[in-house]
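The values are calculated or read from the model by the stated rules, or taken from the named source; none is laboratory data. Please read all numbers here as calculations on a predicted model, not as lab measurements. Positions of Cβ are backbone-derived with ideal geometry, glycine not excepted, and every protein chain shown enters the neighbour counts.
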Amino acid sequence: MSFEDGPQKACGAGQRGLTLVEVMVALAIVAVALAAGLRASGALLSQAQRQSEQFLAQLCLENEWVRWRLSSPASGIASMSSKCEQGGQRFSVNWVVNATANPNFWRIEARVESADRRPLLSVTTVMGRP
């Protein structure tokens, strides 16, 4: 192609390839797709960490529950707080044990919080007296 052919010959129908605008549009679409994938994977990671924290909090709650049951509380009516460590993380377990209308049962409310005071697990149940 020579300089004398003019612009019509340079942009002729036989030319192959993509224009700069088409390449930029394709890159923008790929960038949006990658950003969406990154956001979704971040949400999955966050949910997995939350699930792990809740599982460890549940282990702490169950351990404290067994400890309380083995101590054979006489009246049962109490408000207690304890610390627990599971999986290298520290948790705080808070209990409130109240009487119910039926003298054979206690109402137990337990709450587990992370070291930075975020609530992780809350359980309310009725349990028979020993």
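Could you look through the range 93-107, keep only residues that are surrounded by 10 or more Cβ atoms within 10 Å (Cβ to Cβ) and without any contact (Cβ under 8 Å) to a residue 24 or more places away in the chain, and pick out the one that is nearest to residue 59 (Cα to Cα)?
Residues of the range 93-107 surrounded by 10 or more Cβ atoms within 10 Å (Cβ to Cβ): 93-100, 102, 105-107.
Remaining after also requiring without any contact (Cβ under 8 Å) to a residue 24 or more places away in the chain: 94, 96, 98-99, 102, 107.
Working: 94: 14, 96: 18, 98: 23, 99: 25, 102: 29, 107: 20 Å.
Only one residue tops the list, namely 94.
Considering every residue within the range 52-59, establish whether at least one is assigned to a helix (DSSP H, G or I), surrounded by 10 or more Cβ atoms within 10 Å (Cβ to Cβ), modelled with pLDDT under 90 and touching a Ser or Thr at 6+ places or on another chain (Cβ under 9 Å). Spell out how you get there, then give the answer.
So in the range 52-59, the residues assigned to a helix (DSSP H, G or I) come out as 52-59.
Subset that is surrounded by 10 or more Cβ atoms within 10 Å (Cβ to Cβ): 52-59.
Those left that are additionally modelled with pLDDT under 90: none.
Within the range 52-59, not a single residue is assigned to a helix (DSSP H, G or I), surrounded by 10 or more Cβ atoms within 10 Å (Cβ to Cβ), modelled with pLDDT under 90 and touching a Ser or Thr at 6+ places or on another chain (Cβ under 9 Å).
Residue under question is residue 112, and the condition is that it be among the aliphatic types (A, V, I, L, M) and either surrounded by 16 or more Cβ atoms within 10 Å (Cβ to Cβ) or in contact (Cβ under 8 Å) with a residue 60 or more places away in the chain (or both); does it hold? Write out each step before concluding.
Working: among the aliphatic types (A, V, I, L, M): yes; either surrounded by 16 or more Cβ atoms within 10 Å (Cβ to Cβ) or in contact (Cβ under 8 Å) with a residue 60 or more places away in the chain (or both): yes.
Against the criterion (among the aliphatic types (A, V, I, L, M) and either surrounded by 16 or more Cβ atoms within 10 Å (Cβ to Cβ) or in contact (Cβ under 8 Å) with a residue 60 or more places away in the chain (or both)), residue 112 qualifies.
Name every residue in the range 77-130 that is part of a strand (DSSP E or B) and among the β-branched types (Val, Ile, Thr), in order of residue number.
Taking the range 77-130 and keeping what is part of a strand (DSSP E or B), we get 78-86, 89-99, 105-114, 119-128.
Residues satisfying the conditions are 93, 96, 97, 108, 112, 123, 124, 125, 126.
Mind listing just one residue for me: the one in the range 108-124 that is more than 18 Å from the chain's Cα centre (by Cα) and under 16 Å from residue 63 (Cβ atoms) and, of those, modelled with the lowest pLDDT?
From the range 108-124, those more than 18 Å from the chain's Cα centre (by Cα) are 108-110, 123-124; that's our starting set.
Add one more test, that the residue is under 16 Å from residue 63 (Cβ atoms), and what stays is 108, 110, 123.
Working: 108: 89, 110: 93, 123: 93.
Restricting to residues being more than 18 Å from the chain's Cα centre (by Cα) and under 16 Å from residue 63 (Cβ atoms), the top hit is 108.
Let me spell it out: the conditions are (1) closer than 13 Å to residue 127 by Cβ; (2) in contact with a Lys or Arg (Cβ under 8 Å, 6 or more places away or on another chain); (3) at pLDDT 90 or above; (4) among the aliphatic types (A, V, I, L, M), and residue 99 meets all of them except one. Which number is the exception?
It fails just one condition, (3).
Residue pairs, Cβ under 7 Å, 6 or more apart or interchain, first in the range 50-65 and closer than 19 Å to residue 106 by Cα and free of Cβ contacts under 8 Å to residues at least 24 places away in the same chain, second basic (Lys, Arg) and surrounded by 15 or more Cβ atoms within 10 Å (Cβ to Cβ). List them.
The qualifying pairs do not exist here.
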